[in-house]
Amino acid sequence: MGDAVLLSKGAYLPINRCNVPAVVLGSLAFQENPVPLALDGVRELHRDLFLRLEAAPLLPRRSALFQDYVTVHFRLEHLEEAGLLVAQDAGRRQKQRAKANYVRMIRGWSFDADSREGAVMKAWVESRFGLTPRYHGEPLRDFSSPAYQRYLEMRAQGLYGTNALEAQLDLVYTYCQYEFARQTPGLRHLTLYRGVNRLTEFERLPETSEARSEKRHTLLMNNLNSLTGTRDRADEFGDTILTLKVPIAKIFFHCRLLHGVLQGEDEFLTIGGIYDVECSR
């Protein structure tokens, strides 16, 4: 079935910045038979960080090491050392943009995935993995549509004047993948859930020759999605529960891996593409 369900041309870019082409990693075949994903050059550039993580036996210590490393490497507490020059007449606004970091992006996404922070996160997935966003406040099917132009404006506003924001997100993904490989070696999938009231933000793809029931669908998910590991939690967000077998390689972030970024939620940020989904009420 995986070979028969392919991404449409508008759902992916011809190039990306990881080791698997977008047309492959977004396919149903990848969901069924995933391989590890690696962003170009990130582990090599930050080799010292991962050597330090290897020497730390406990997750809280590794989480602290990661957050300290990002703060120092990107000069998050000393923006002038990162090249921030602020004109007097636009100082406050420019400083606010420069202070936009990976923590603010993840928290902004969690509050509203269709916000400016959400646009930045979806743009990062598009740049690194080559999967284009399919929904941002409304469906994004036509690159010339007003909806897509609004998304582009929000993306530009979110990235303008920031301090290597996409490179920070590169490290978040790579660190989370490192932790999954260390804590659960050999594990390829997690069963995750999402509660919805409507499926309009997802694209239901034509059925394959294999008979499908009303409870199973082949969906093209948005290029970045919030899911939960708890079915009861998903039930709070909609009458229909989507159950997905998500490749570990497609998990960008899990709240428990970085202390203090998101509190009290079992939230997974997952990369999209085509998924075989079970729907129940």
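Where a number appears in this text, it was derived from the coordinates with a stated rule and is not lab data. Keep in mind that this is a model prediction, so the values were computed, not measured. Using ideal geometry, Cβ is built from the backbone for each residue, glycine included, and neighbour counts are taken over all protein chains shown.
Each of 70, 24 has some number of other Cβ atoms within 10 Å of its Cβ, and from fewest to most they run 24, 70.
With both labels modelled 7 Å from their Cα along Cα-to-Cβ, the residue 197 to residue 15 distance reads 4.3 nm.
By the count of other C-beta atoms within 10 Å, a proxy for reagent exposure, 129, 50, 30 are ordered fewest to most as 50, 30, 129. Available extension along the chain between residue 141 and residue 32 is 36.6 nm, counting 0.36 nm per residue and deducting the alpha carbon span.
Computed extension gain for residue 278 through residue 236, at 0.36 nm per residue and net of the alpha carbon distance, reaches 13.4 nm. In summary, the helical segments of the chain meeting the span-like criteria, namely a full DSSP H run, a Cα extent along the axis of 24 angstrom or more and a mean Kyte-Doolittle hydropathy of at least -0.5, are 165-183. Each Cα pair of the chain feeds into the Kirkwood radius, which the Stokes-Einstein equation turns, at 20 °C and 1.002 mPa s, into a diffusion coefficient of 109 µm²/s. For the chain, the relative contact order comes to 22 percent (Cα pairs under 8 Å, sequence separation of at least 6). Label positions at residue 47 and residue 80, each projected 7 Å from the Cα along the C-beta direction, are separated by 3.4 nm. With 0.36 nm allotted per residue and the present C-alpha distance subtracted, the residue 24-residue 114 stretch has 29.8 nm of extension available. Exposed loop sites here are GluC sites (Glu not before Pro) assigned a DSSP state other than H, G, I, E or B and surrounded by at most 15 other beta carbons within 10 Å; excluding them, the longest clear run of the chain is 78-206. Neighbour counts of C-beta atoms inside 10 Å place 261, 120 in the sequence 261, 120, starting with the fewest. The trypsin sites (Lys or Arg not before Pro) of region 158-199 meeting both criteria, a DSSP state outside H, G, I, E and B (loop) and at most 12 other C-beta atoms within 10 angstrom of the site's C-beta, are 198. Between residue 152 and residue 164, the modelled labels are 2.9 nm apart [label points 7 Å from Cα along Cα→Cβ]. Rounded if a/c is under 1.5, else prolate if a/b is larger than b/c, else oblate: which is region 124-281, with a ≥ b ≥ c the root eigenvalues of its Cα gyration tensor? Cα axes put region 124-281 in the oblate bin.
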